[in-house]
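Working notes, structure below.
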Amino acid sequence: MAILTIEELAAQLQPNQAIAGLDLGTKTIGLSVSDLGRRFATPREVIRRVKFGVDAEALLSAATKEKIAAFVIGLPVNMDGSEGPRCQATRAFVRNMEQKTPLPFVFWDERLSTVAAERVLIEMDVSRRKRAERINSAAASFILQGALDRLASLARDGLSD
């Protein structure tokens, strides 16, 4: 497995390959999957965190089912650009995944993705309880959609396949 930049991923991806977005929470992992044209991010069921081995198995099972070619994982950078304990935990999770999968990971600055996801869920009149269940996957969709938009921009500029 490799950790790639979004530009490196753009150069490596083949046509009709889906990618997944991840929002790593303390209790759940939000999961979102792109369509094969890599235009839209669609939330999937959250993965309840148990311990790393179980979490990794659940994530890789979902990746196999969805035929995922790469992961875009939200990096929870502080608003001032510094990296705190949550960034360290995310980087450690990806390092541990290196032993489990050859699929590449791309870190994506996720500042405000959870806030944006919560606003959308509120606008959709989703109850507080259901928002708590769905927030990580909604945030994963915001993370993935940002990466998909960047990939589309790179393709328009001729910097990818």
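General remarks:
- Cβ-Cβ distance of Gln14 and Asn96, R₀ of 22 Å, FRET efficiency by 1/(1 + (r/R0)^6): the value works out to about 0.25.
- Cα gyration tensor shape of the range 1-91, rounded if a/c is under 1.5, else prolate or oblate by comparing a/b with b/c: oblate
- Each Cα pair under 8 Å and six or more residues apart adds its sequence gap; the mean of these over the residue count of the range 3-118 is a relative contact order of 28 percent.
- Label-point separation, Asp80 to Asp157 (7 Å along Cα→Cβ), nm: 3.0 nm
- The range 1-120, accessible surface, carbon-and-sulfur percent (1.4 angstrom probe): 53 percent
The values are calculated or read from the model by the stated rules, or taken from the named source; none is laboratory data. Since this is a predicted model, take the numbers as computed values, not measurements. Glycine also receives a Cβ, built like all others from the backbone with ideal geometry; neighbour counts cover every protein chain displayed. Heavy atoms of the whole protein, side chains included, go into the accessibility calculation; ligands, DNA and RNA do not. Shrake-Rupley method; radii C 1.70, N 1.55, O 1.52, S 1.80 Å.
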